[in-house]
Amino acid sequence: MIRLLSYNIRHALGLDGRVAPERIAAVIADLAPDVVALQEVDVGRARTGGHDQAAVIARALRMDYHFHPALHAEGERYGDAILTPHPARLVRAGALPGHPRRLGLEPRGALWVEVALGGRRLQVLNTHLGLTGGERLAQVEALLGPDWLGNPACREPAVLLGDLNATPWSRSYRRLAGRLADARRLSPTGRARSGATFPTRLPLLRIDHAFVSSGIRVGRMGPVGGGLARVASDHRPLLVEIALDPAVGEPARRAEAAG
């Protein structure tokens, strides 16, 4: 099985008030994921000592990484990262639209990386959507459009991971669920337990999600709340195990090879 992890790390600020990217790395290491999607990552920000948190965490895990700053101001960056020990290439990184009528909201973005896993290629998208319903809906429409999931290069199998700030009864969630499958609904263990990821100590909201295309089987999944994960961030990490249907994507690869 391929192990995917989505984790909003809140710039590595734990519930004890300590900024500790090495603690985030320890939480991740215990879960032994193949692909990690991080949100709220600081790079060069004064509030976290000017460190490159994506690099620090990736180095501790002996993984490579790609980072996209949704916010970039005066040398300080803040955004999302994808880490993996497997061969990977960046396909796209870019901004997502804000609310059509409200200015001054926190900028949001997305990151798309193709990861080679056992001779297969998995399209992995990571994002952190906005706090208002209008901006989330605009951002989901962009993600479903021709730059991202609707791009011909985003061939199945594909996964979308991230902190969507959207509960399952929200319009933005329902719009995504009309195109991709909520991994929790496909998992034999996911529906048997609470999927709530926020806040860490008493999780009430299921706002961190994994969506999958066809051609993906979902095994165990759910939030992780033990050990250091109890204090490392205000979100619990979400772990998902998947397997790829060997038939999905093969015709395109054969056509590429022939061409």
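The values are calculated or read from the model by the stated rules, or taken from the named source; none is laboratory data. All figures in this text were calculated on a predicted structure; none of them were measured in a lab. Glycine also receives a Cβ, built like all others from the backbone with ideal geometry; neighbour counts cover every protein chain displayed. For the accessible areas, the whole protein counts, side chains as well, though only heavy atoms, and no ligand, DNA or RNA atoms are used. Shrake-Rupley method; radii C 1.70, N 1.55, O 1.52, S 1.80 Å.
The figures follow:
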| item | result |
| --- | --- |
| Which listed residue, of L4, L15, is at pLDDT 95 or above, under 23 Å from N165 (Cβ atoms) and in a loop (DSSP other than H, G, I, E, B) | L15 |
| Enumeration of residues in region 201-247 that are among the aliphatic types (A, V, I, L, M) and out of contact with any strand residue (DSSP E or B) (no Cβ under 6 Å at 6 or more places or on another chain) | L202, L204, L228, A229, V231, A232, A247 |
| Residue match in region 110-133 (condition: open to solvent by 20 Å² or more (accessible area, probe 1.4 Å) and among the polar types (S, T, N, Q)) | yes |
| Selection within region 119-138 - touching a residue at least 24 places away in the same chain (Cβ under 8 Å), farther than 22 Å from P100 by Cα and not charged (D, E, K, R) | L122, Q123, V124, L125, N126 |
| Subset of region 151-178 that is open to solvent by 30 Å² or more (accessible area, probe 1.4 Å) and of a type in the set (A, V, I, L, M, F, W, C) - its residue that is nearest to A93 (Cα to Cα) | A153 |
| In region 42-62, the residues that are more than 21 Å from L105 (Cα to Cα), crowded, with 21+ Cβ neighbours inside 10 Å and of a type outside the set (V, I, T) | Q53, A54, A58 |
| The lone exception for T200 - which of (1) at pLDDT 95 or above; (2) open to solvent by 10 Å² or more (accessible area, probe 1.4 Å); (3) not hydrophobic (A, V, I, L, M, F, W, C) it fails | (2) |
| Residue ranges of strands (runs of 3 or more DSSP E) in region 117-232 with at least 1 members among the acidic types (D, E) | 158-163, 208-212 |
| Within region 227-249, considering residues that are farther than 30 Å from V19 by Cα and open to solvent by 50 Å² or more (accessible area, probe 1.4 Å), the one modelled with the lowest pLDDT | A247 |
| Any hit, region 31-44, residues being touching a Pro at 6+ places or on another chain (Cβ under 8 Å) and assigned to a helix (DSSP H, G or I) | yes |
| Filter pass, A25 being surrounded by fewer than 17 Cβ atoms within 10 Å (Cβ to Cβ) and under 19 Å from L239 (Cβ atoms) | no |
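Residue-by-condition table, conditions (1) open to solvent by 10 Å² or more (accessible area, probe 1.4 Å); (2) of a type outside the set (D, E, K, R); (3) within 17 Å of Q39 (Cα to Cα):
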| position | (1), (2), (3) |
| --- | --- |
| A93 | yes, yes, yes |
| G104 | yes, yes, no |
| Q139 | no, yes, yes |
| L144 | yes, yes, no |
| L149 | yes, yes, no |
| L180 | yes, yes, no |
